[in-house]
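Report on one structure; see the data block that follows.
The values are calculated or read from the model by the stated rules, or taken from the named source; none is laboratory data. Everything numeric here is computed off the predicted structure, so don't read it as measured data. We place every Cβ from the backbone using ideal geometry, glycine too, and count neighbours over all the protein chains shown.
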Amino acid sequence: MGSPNPSQLKHLVWRAINGFLAVKGELKRRHLIDNGLCPICNASEETLCHAIFDYSYTKDVWTSSNFFQVLADAPNSYFSDKVVWMINCGVKVLWNYWVWPGFVGQLEIQLS
């Protein structure tokens, strides 16, 4: 399977922002299941933010990445809040990395 094209990424982000991805917290909110806890850690409700940013293993990935400082001040409530915050701050990291691979090094220098 190849890399997703921009329209696929756009569709995925749209689904994520609008709550259309089947994380357990969303399924519980829609009364489709009884337990909304993360099936891996069982410590927190499985929301999109938990799965992508806050779960202990994904948090380790973000912490060791060049983007940790950028995400540190982002709101920690909903995935859509985090995405809107990132856009409002002008952080279009994935796009810039795709168009200009040197952007990551430039971002690291600016954050230092």
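Looking only at residues that are part of a helix (DSSP H, G or I) and free of Cβ contacts under 8 Å to residues at least 24 places away in the same chain in segment 14-54, which one is nearest to the chain's Cα centre (by Cα)?
D54
May I ask you to verify whether S44 is under 24 Å from W85 (Cβ atoms), loosely packed, with under 13 Cβ neighbours inside 10 Å and small (G, A, S)?
For S44, the condition - under 24 Å from W85 (Cβ atoms), loosely packed, with under 13 Cβ neighbours inside 10 Å and small (G, A, S) - is not met.
Please determine, by comparing only the residues of segment 72-112 that are in a loop (DSSP other than H, G, I, E, B) and among the small types (G, A, S), which one is modelled with the lowest pLDDT.
Applying the filter and picking the extreme gives S112.
Does K59 count as among the charged types (D, E, K, R) and surrounded by fewer than 16 Cβ atoms within 10 Å (Cβ to Cβ)?
Yes, satisfied.
Where residues in segment 13-54 are touching a Leu at 6+ places or on another chain (Cβ under 8 Å) and among the hydrophobic types (A, V, I, L, M, F, W, C), which of them is farthest from P75 (Cα to Cα)?
Going through the qualifying residues, I end up with I33.
If we keep just the residues of segment 55-71 that are out of contact with any Phe, Trp or Tyr (no Cβ under 9 Å at 6 or more places or on another chain) and part of a helix (DSSP H, G or I), which is farthest from A22 (Cα to Cα)?
Quick first cut of segment 55-71, residues out of contact with any Phe, Trp or Tyr (no Cβ under 9 Å at 6 or more places or on another chain) only: 55-58, 60-61, 63-67, 69-70.
This time we only want the ones that are part of a helix (DSSP H, G or I), so: 56-58, 60-61, 63, 69-70.
Working: S56: 20, Y57: 20, T58: 18, D60: 23, V61: 22, T63: 26, Q69: 29, V70: 27 Å.
The selected residue is Q69.
Could you tell me how many of the residues in segment 25-34 are crowded, with 16+ Cβ neighbours inside 10 Å and in contact with a helix residue (DSSP H, G or I) (Cβ under 9 Å, 6 or more places away or on another chain)?
Total meeting the criteria: 2.
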